[in-house]
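Please read the structure below before turning to the comments.
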Amino acid sequence: MQNIDFKHLAQRYQTPLYVYDFPKIQENFLAFKEAFAGRKSLICYALKANSNLSLIAHLAQMGAGADCVSFGEVRRALLAGIPKYKIIFSGVGKRDDEIEGALREDILFLNVESFGELKRIEKIAQALNLQARISVRVNPNIDAKTHPYISTGMAKNKFGVEIEEAKEMYLYIKHSNALEAVGIHFHIGSQICDLSPFIEASNKIAKLLTSLLALGLSIKFFDVGGGLGVCYDDENPIALYDYAQGILASLGGLEPTIICEPGRRIVAESGYFLTRVIGEKQNSHKRFVIVDGAMNDFLRPSLYEAYHRSTLLDSKSLDSSLCDIVGPICESGDYLAKDVLLPSTQEGDLIVFEGAGAYGYSMSSNYNTRTKPAEVALTENGIKLIRGRESLEDLFAKELECYESNKA
């Protein structure tokens, strides 16, 4: 952050603005490859964390695969240059047309979330005269000790199937001419900083894998999902070496290709959200710093009560006081930080939020008819605009087309 000229970026591209450090993204991705060096592995970047095409293409050049949770993300991965044999399609609610699209694109495999979905895939594959490569998402019923909104591996969560049902599904696949079991998958949650849930889940699913191999199924991929946490405040992230060694130890003598699906761990700390002060107000209870960025631009603080370090740039004041940093949206929940120490601000001052590379722009919206920010990348070859700022004309275009035709 010290070497980034945010003032120049704000002048050139305006605010609010997302800024990404591409060399940092490269460093984080290569750390995953190094952690699993010596074993067959595929690092499938989770597009949901940040789906900018230039960012995905940057990872594709380093050999990344893609973990997708919609057919739109599958198309993004292909457009960005990720080979079809490195793309997997997950998600609990795949539509028939999405399944058909994925099968026609001949991607690596589909992670299946229920018996009903498996039978729909079989029917679609039969109609297309194709064989669908399948991995079943198994819910190991393990508490990942994270925010309840991003916990996915317990029986009360909507994701995956229980172990006994998974066995039945694999036996069904074995006897189907339209299905081929190639993988087994689990994912227990996100922003996890405790290694033990990962190891417990991996041990459970490795045991299931052993029993499936004994039944004659030829499962080549052991997909351990993602979920490794990062430091937003005072968290202690899991060392990648310890994580990889724990996964490998759970497999014993088995040697499937390990698939890992990191998103946040690759891009979160590479990203910054830059916003400009509009003004301040003070009532009898609280000081508010009002900025041009809002919950529609950067939802994590409002949705998860997430903390992101905030810095007032070029402050001339030595005194700080508690404040809420809030946006222009007509909601009390529209805040970027609560009860943070900040020096007094002036109109036009810049505030930068750290750790904004994951689930920032990808969760943005047009609420209150607000246009979405621009995105820029800091690369070894200089600054690159990787998404232009949305205009009101962009926002109205599809509505106006219908509105004008209806008037006629």
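The values are calculated or read from the model by the stated rules, or taken from the named source; none is laboratory data. Note that the structure is a prediction, hence the values are computed from the model and not measured. Neighbour counts run over all protein chains shown; Cβ positions are idealised from the backbone, glycine included. Areas reflect the complete protein model, heavy atoms only, side chains present, ligands, DNA and RNA absent. Shrake-Rupley method; radii C 1.70, N 1.55, O 1.52, S 1.80 Å.
Longest exposed-loop-site-free stretch of the chain, with GluC sites (Glu not before Pro), DSSP loop and at most 13 other Cβ within 10 Å? It would help to have the intermediate numbers written out before the result.
Working: sites that count: Glu162, Glu235, Glu305, Glu347, Glu380.
The reported range is 1-161.
Report ³J(HN,Hα) in whole Hz for each residue of the range 27-33, in order, from the Karplus equation J = 6.51 cos²θ - 1.76 cosθ + 1.60 where θ = phi - 60°; Gly and Pro get x.
Result, rounded to whole Hz: 4, 5, 5, 5, 5, 5, 4.
Per-residue HN-Hα couplings for the range 6-19, Karplus 6.51 cos²θ - 1.76 cosθ + 1.60 at θ = phi - 60°, whole Hz, x for Gly and Pro?
After applying 6.51 cos²θ - 1.76 cosθ + 1.60, I find 5, 4, 5, 4, 5, 5, 7, 10, 6, 10, x, 8, 9, 10 Hz.
Using only DSSP helix segments of four residues or longer, with each worth -39500 (n - 2.57), what per-residue ellipticity at 222 nm results for the chain after dividing by its residue count and rounding to 500?
Calculated at 222 nm, the ellipticity per residue is -10000 deg cm²/dmol.
Nearest 5 is fine: what % of DSSP beta bridges in the chain come out antiparallel, could you say?
45 percent
Taking only the Cα atoms of the chain, how large is their convex hull per residue, in Å³?
165 Å³
For a quick check of your reading of the filter: which trypsin sites (Lys or Arg not before Pro) in the range 301-383 sit in a DSSP loop and have no more than 11 other Cβ atoms within 10 Å?
Hits after loop and neighbour filter: Lys316.
Tell me the per residue accessible area of the chain using a 1.4 Å probe; a whole number in Å² is fine.
So the chain comes to 45 Å² accessible per residue, rounded to a whole number.
Could you tell me the calculated FRET efficiency between Ser317 and Phe396, based on Cβ-Cβ distance and R0 = 30 angstrom, to the nearest 0.05?
Working: r = 41 Å, r/R0 = 1.38.
Result of the calculation: an efficiency of 0.15.
Using Cα pairs under 8 angstrom and six or more residues apart, how large is the relative contact order of the chain, in percent?
Computed value for the chain: 18 percent relative contact order.
For the range 22-266, with all protein chains present and a 1.4 Å probe, just round the carbon and sulfur fraction of the accessible area to a whole percent.
Working: 4900 of 9890 Å².
Taking all protein chains in place, the range 22-266 shows 50 percent carbon and sulfur surface.
Pick out, in residue order, every one of the trypsin sites (Lys or Arg not before Pro) in the range 4-65 that is DSSP loop and has at most 14 other C-beta atoms within 10 Å; say none if there are none.
Here the trypsin sites (Lys or Arg not before Pro) that fit, given the DSSP loop and packing criteria, are Arg39, Lys40.
So for each of 238-249, 130-141 I average, over its residues, the number of other beta carbons within 10 Å; can you give me the resulting order with the highest mean first?
130-141, 238-249
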